[in-house]
1. Step by step: first the residues of segment B:237-256, then only those that are among the charged types (D, E, K, R) and within 16 Å of residue B:137 (Cβ to Cβ), then the one that is surrounded by the most Cβ atoms within 10 Å (Cβ to Cβ). Which residue is that?
2. So which of A:53, A:70 is crowded, with 19+ Cβ neighbours inside 10 Å and either part of a helix (DSSP H, G or I) or within 14 Å of another protein chain (Cβ to nearest Cβ) (or both)?
3. Considering (1) polar (S, T, N, Q); (2) in a helix (DSSP H, G or I); (3) loosely packed, with under 15 Cβ neighbours inside 10 Å, say which one residue A:40 fails and leave the rest.
4. Step by step: first the residues of segment B:152-165, then only those that are within 14 Å of another protein chain (Cβ to nearest Cβ) and touching a residue at least 24 places away in the same chain (Cβ under 8 Å), then the one that is farthest from the chain's Cα centre (by Cα). Which residue is that?
5. What number of residues within segment B:71-115 are on the phi > 0 side of the Ramachandran plot and more than 14 Å from chain A (Cβ to nearest Cβ)?
6. Take segment A:73-101 and flag every residue that is without any contact (Cβ under 8 Å) to a residue 40 or more places away in the chain, within 14 Å of chain B (Cβ to nearest Cβ) and not in a helix (DSSP H, G or I).
7. Tally the residues that are within 23 Å of residue B:477 (Cα to Cα), in contact with a helix residue (DSSP H, G or I) (Cβ under 8 Å, 6 or more places away or on another chain) and part of a helix (DSSP H, G or I), restricting the search to segment B:352-385.
Amino acid sequence: MGRYFRRKLLIYLLTFFVAVTLDWCIPRFMPGNPIDILISRAGLRGSAVQTMYDYYTRVFGLDQPIWKQYLNFWASLFKGDLGISIYLFPTPVSKVIAGAVPYDLFLLIPSTLLSWIIGNNFGAFAARSKQLDNTLLPFSYILSATPYMWLGIILAWAFCIVFRIFPLAGGYSFAMKPNLSFAFIGSLLSHWVLPFLSLFIVQLGGWAIGMRNMIIYELESDYSHYLKTLGSPNRLIRKYAFNNAILPQITGLALKLGEVVAGALATEVVFAYPGIGYLILQAIHNEDYFLLQGCFLFIIIGVLAANFIIDIVYLLVDPRMRAGMQGETA
Amino acid sequence: MRKIVLTALSFMLLLSLALTGCATPTPQVVVQTVEVEKEVIKTQEVQVIVEATPAPSAEAYPRNETLYTTGVQWGPPSNWNPWNGGGYSIGTLGLIYETLFIYDPLADTFSPWLAESGEWIDDTTWQVKLRDGITWTDGKPLTADDVKFTIELADPNGAYKAGLAFQNMWKSLHSIEKVDDLTLVFNFKDNPPYQEVGFYFMYQVPIVPKHLWEGRTAEDITGGANENPVGSGMYMAELMDQDRAVLVRNDNWWGTKVFGKSPAPKYIVDIVVPSNNVGLGLVLQGGIDLDNNFLPGVASLVKGGYGIKTYYPDAPYMIPANTVQLIFNLQKAPMNDINFRKAMAYAINVDDIVQNDYAGLVKAADPTSLMPSWEKYIDQDLVKELGWTYDPEKAKQILADGGYKDVDGDKFLEAPDGSKIDLKITCPSGWTDWMAAIQIISRNAEAIGLKVTPEYPDYGGWLDSLLKGTLDMSIRNEAQLSSTVYSYYMWIFQHPLETIETAQWGNYGRYDNQEAFDLVDQLDQVKVGDDEGIKAITSKLQRITLTDLPTIPLWYNGLWAQTSTKVWTGWPSAAEGDNHYLHATWRGYWNMTAGLMLLDLKLAENP
């Protein structure tokens, strides 16, 4: 057991190092220069441009040799300092991200987990029912192929413009000040429903199809037939099939997390919902190295942590893994 | 047990699917298509009331006291620093911090604001008298000391040396003296740049309180967040969050006494709207009162009875705010050939761009590229003599006469020296209206046998190609509505050439003509209001732009503004009886006449 985790931890550390290095490099490969963009937006003229150019270059440490910038980056990263956002100057990146991340977690975790749980159960259920399989499955295919953006626009149009059940934009009512009251929490929730639904529905279709296919495959496998010939009840067979089919779905969940962030980006733009996705878009347009680094760092840590949790979950749900490990130690 | 859970779960799924199914309207509504629109409008009105009633305690900003705006902020607001020109939150300059004068570009007049008067008492001395009784929002009086302190912040030999936008003015400004608490004189060296004095000192430089800014570092002044701004203006900062910034009315504002009125909305909530569909939806719902985003196709909404207004009821709907120009890299062949540029001028079908790309929301530019607000400077005889209109046949003729031939038979022309012409025209990725425009230009060029391919780099890369001069052709529109046509000509003829990269203000094609540069410098030294003097010089400059075509004026980009009359009325418009202020929340517009617009707003009868 210990060896397994040591090995995993080493792999995660290595992945973290490589990912963060890439995260540092890629923004700097972009053509152009963030300071130029900052100055161009500020509308400075004449000698003020040179003064401010030098000043900003110094503030962001961009006057130093590139290897030194890289070392500085790691040094400050360990101190928890992500630098200052160029685009949202003078706000520190950690403050920008801290303001946006709660919205993301609140959106991504429930939509991903709920769609996974419900999708899997529904897929397993549909695999046994001819009628459901024939009617709802094609619908699931359409859902899973739907771009987040498009579904988002449809939802916004239907529920915000036509039926006016949900508000169209913002993290909470524009008439409110953040406070701890039921009205405010209600407002937070009503603004959250549509972004959540657009992520939830698209993911749901995918999980349902995956599970349905897996179950059919498992029900046709030798052990199922063997159980059947032994006269086991159908329920038992289905239970085994489900237990086997869920494993690839767990792996899929780990893989899916990275993709969901991209989906969140589209959703956040469509519903003008605050969050990290929209920040990434703006950071790219403004070549904001530090904000981009910070956002991707959050994603890297999130994906690695989720994978780590899934590794542990695997141990719990797959007896073969446990058996294998015991074999190792024996 | 498991079965029950499963059934419940699948029921939930069905429900969620059914909800998406709801997107299609019920048959009844479909049948009565004409009725639907009316119904929608009715429900809108009801909805506003419904939203306003529940638990009034929870609503910090009641609908009938709040002006909702969008169009200035593209990301989370980050600061209230008036010196952070590209990043400050809504109204920091103009509504919180104020300028000595304000400028009305449509009437070309300055009006006293913090100042009561400003006069040149001799050729190099400008005397400013401040209004009596103005106070900062912390109660301290605003005096000549604050003005002197503000101007001296940027003095390169002063205590702060802050890199502020008007720092260059210190090249000609000798000193600034306080005469008494309300009077100051600005002492200039010989030949003061009158036009820039009018531009910067009269309405661009926000006056900040000395007692709160004293002792800050230059870095904090230019870049600090200035979290609790203390200004003198009609609004105060209230709140900043991820997707909004809020201002609250300053009930002790000096203008209430002077103008006999104060702004009607107690709050201004500025919303960060990242995409057009959201902006459009909010305007239609009456959730936004003033939207300063470019909304393609808004013309049909203005005509459709949705309660949405623009400045003009018909094309071009918007006030022209800047001129979009085709810029050439004049250091590269064949763009350095006047025949090539002239042929392009005749080849581009600007009407096609205006009608099909913008659906009539913009207006084709005059060949001099001077906006309607500068129309009085246009030398019409020159335009008649040297102007051009869309004429591809003539363009082909010019190219043929200039020696352009198709040598290798690929249907594209080669340069007179036989080399292949394969050019790029660029604009930033995501600027969809411009992307469509350069596609049209590319097709127009192809029609006369020139290979010009549109490309859409990221903003950073695109800006870099302009600053470093590596572009072939591009389009750009920096020079905005302003008090001086000098700012426009400085943009065309930025000089000397080696400063173009750091100046970041025009002449990206590196046009080199000492005569033009000297004329621009002379133009700066014409007194504000001396229209004849300005005409004498700009007429020579127009001759140069019309003969040499350093750029080709294409169309006037609009001051995009959509207003909703559901809650607030009294919006500016071209109609007689309405006010003609600028309804823009953009940076640099509150210190024009957008501030006055707020004073004229009225609550609608049934908000």
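The values are calculated or read from the model by the stated rules, or taken from the named source; none is laboratory data. Just so you know, these numbers come straight off a predicted model, no measurement behind them. With ideal geometry, Cβ positions are generated from the backbone for all residues, glycine too; neighbour counts draw on all protein chains shown.
1. Applying the first criterion (among the charged types (D, E, K, R)) to segment B:237-256 yields B:238, B:241, B:243-244, B:249, B:251.
Keeping just the survivors that are within 16 Å of residue B:137 (Cβ to Cβ) gives B:238, B:249, B:251.
On the way: B:238: 16, B:249: 21, B:251: 10.
Going through the qualifying residues, I end up with B:249.
2. Matching residue, one of A:53, A:70: A:53.
3. (3)
4. Among those residues, the one meeting the criterion is B:160.
5. 3
6. Selection gives A:90, A:91, A:92.
7. The qualifying residues number 8.
Every residue, every condition in (1) touching a His at 6+ places or on another chain (Cβ under 6 Å); (2) surrounded by 19 or more Cβ atoms within 10 Å (Cβ to Cβ); (3) closer than 17 Å to residue B:448 by Cα; (4) without any contact (Cβ under 8 Å) to a residue 12 or more places away in the chain, yes or no:
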residue	(1), (2), (3), (4)
B:354	no, yes, no, no
B:370	no, yes, no, no
B:376	no, no, no, no
B:382	no, no, no, no
B:403	no, no, yes, no
B:409	no, no, yes, yes
B:413	no, yes, yes, no
